[in-house]
Amino acid sequence: MTLGMQLLLLQLVIVLTTVVGTGVTAVWMQEQQLRDAYEDRMIAVAQSVAGLPVITDAFDDQDPSATIQPVAEVVRRASNVTYIVVANDDGIRYSHPNPDRIGGKVSTDPAIPLSGQVYVGTQTGTLGESWRVKVPIFAPDGEVMGQVSVGILESELRADFAGGLTVLLVALVAAAVIGVIGSAWIGRVIRRRIYGLEPDEIRALLETREAMLHGIREGLVAVDDGGRIVLMNDAAARLLEVADPEAALGRQVGDVLDRELASFIASGENRETPVLSGERVLLVHGDRVRVDGREVGSIAILRDRTELETMLRELEGAQGLAEGLRAQSHEFANKLHVVSGLLELGHVDAAIAFIERVGSGGALSPLDEHDGIGDVETAALVLAKRSRAQELGLELVLAPGSHLDTVDDGAPRTELLTVVGNLLDNAIEACVLGGRIALSIRDDLEPATVVVQVDDDGPGIAPHRRDAIFEPDVSDKSAAPGKARRGIGLTIVTRIAARLGGSAEVDASPTGGARFTVRLPWPAPDRRARTAASDTDVGAHA
């Protein structure tokens, strides 16, 4: 059965049940009201007749019916009842619509009215089944001297009821017809709203949509015109570090996402731009969503550029190493030429002295043991940055006293590498030809803390800008080829420090430029000692 037919049948059942239930209730109430109205009228007529002095006085006459019958008939016709029967305490009639019945005994039991009570009910008498009221007639001394019976034939009641019932039935039928037409119209409206799809088709579309949205690697975030999130897939929740994407639905986008990203998504701009969200660099493509020619919200497609940025940084380091190797090869060839010339001239001692003087050093010279950097990955990063600095005519040195032991947990090391790399990149870009950069890494100054300090002799940072320098897109450097945005590296540094419970600050350097100091949590010495011992055991077994 189609959805339209199901909706129509369900609504027909509801409409007809409501109409029939209402009709039955209305019919019952109308019958009760009709009977109550007749009952009130009959009681009033009976009591008024029983209380007439002309009626009570006539009981002492030789022919009471001669006085009572005309009065009873006048009242009967005026009150529109079927009969008014006046009888004495022996049940002998003094009035009746059929004069032939006068003088005869009443056909129903008069015990209740003769006991001083009022009787209301249906009985069958000489005129047929009737709805009647019987009231006692009291003598001046208070004794019951007779009864007055007032009634209406049940056939007349049913005729009056049927006359009013016709109008009610017409109204109920009209209501049912209108309800059926309205149900059919509502079914068509609903079908049109759901594009004529059947439940199985809607379920299949929903399952396909869920599988597609949550299966793709790109993040999707959609907001409505009110700025509320209506869609967030698993990839977007992962990139934006939202723990429960279902709980984010219906909330304002500014309450869930970073300010910059929320503003870009809500704007609905049709462009692609890199956006910093937390510690990730996301490439966001935004656009407006239109349905039937009207705008209903905005959507953003998120792609993670953090890995791309890391790969570009590694490629840049590899290129720097290649340039350093090429320069060193050229320099080494020149040295060989000098040695060859000295030997050809017979100056052996001079050749030996030259070799001893220039035999070490170069762009790829390793870190010495006294440099104190025991972590291999950090040492490799510093070597790559030193090579890059030398290529640009800068000097990168490790400050005396630097100390960093190896740790077995990769998470702190990864965060440290990101911080050191960004700080050195920032210093290299700030210095000019001939500049000097000093790097200090110490894990032995403060308990369970590594302190990274970078000094440069560049232009420095004005005091009024030192708080804003860690904000996104805030930079004193000019745009560089291949960089879509500036002012991201320091923001990532401060966010990493804040997330780990550390700190990042900037001050003036004694060398004339800027000094950046970052403190990060670091494994305690006993943990590092266990790691070193483990490394020693592995080396012994090897």
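Here is how the numbers come out for the structure above:
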read-out: Verdict on Ala468 being of a type in the set (Gly, Ala, Ser) and buried (at least 18 other Cβ atoms within 10 Å of the Cβ); value: no
read-out: Residue satisfying condition, being in contact (Cβ under 8 Å) with a residue 12 or more places away in the chain, in a strand (DSSP E or B) and within 30 Å of Gln30 (Cβ to Cβ), within set Ser48, Ser130; value: Ser130
read-out: Scope segment 265-284; condition of a type in the set (A, V, I, L, M, F, W, C) and over 12 Å from Ala222 (Cα atoms); matching residues; value: Val275, Leu276, Val281, Leu282, Leu283, Val284
read-out: Test: residue in segment 263-275 that is hydroxyl-bearing (Ser, Thr, Tyr) and buried (at least 18 other Cβ atoms within 10 Å of the Cβ); value: no
read-out: Qualifying position, being part of a helix (DSSP H, G or I) and either at pLDDT below 80 or outside the structural domain of Pro472 (by TED's automatic domain parsing) (or both), among Ala247, Ala243, Ala300; value: Ala247
read-out: Selection within segment 198-231 - part of a strand (DSSP E or B) and closer than 23 Å to Asp292 by Cα; value: Leu220, Val221, Ala222, Val223, Asp224, Arg228, Ile229, Val230, Leu231
read-out: Residue under evaluation Thr17, criteria (1) within 26 Å of Asp109 (Cβ to Cβ); (2) surrounded by fewer than 13 Cβ atoms within 10 Å (Cβ to Cβ); (3) hydroxyl-bearing (Ser, Thr, Tyr), criterion not met; value: (1)
read-out: Number of positions in segment 136-159 that are more than 15 Å from Gly91 (Cα to Cα) and surrounded by 15 or more Cβ atoms within 10 Å (Cβ to Cβ); value: 6
read-out: Residue satisfying all of: in segment 394-443; more than 51 Å from the chain's Cα centre (by Cα) and of a type in the set (Val, Ile, Thr); modelled with the highest pLDDT among these; value: Val397
read-out: Failed condition for Tyr195, given (1) surrounded by fewer than 14 Cβ atoms within 10 Å (Cβ to Cβ); (2) outside any loop (DSSP other than H, G, I, E, B); value: (2)
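The values are calculated or read from the model by the stated rules, or taken from the named source; none is laboratory data. The structure presented is a predicted model; accordingly, all values stated were derived computationally and were not measured. With ideal geometry, Cβ positions are generated from the backbone for all residues, glycine too; neighbour counts draw on all protein chains shown.
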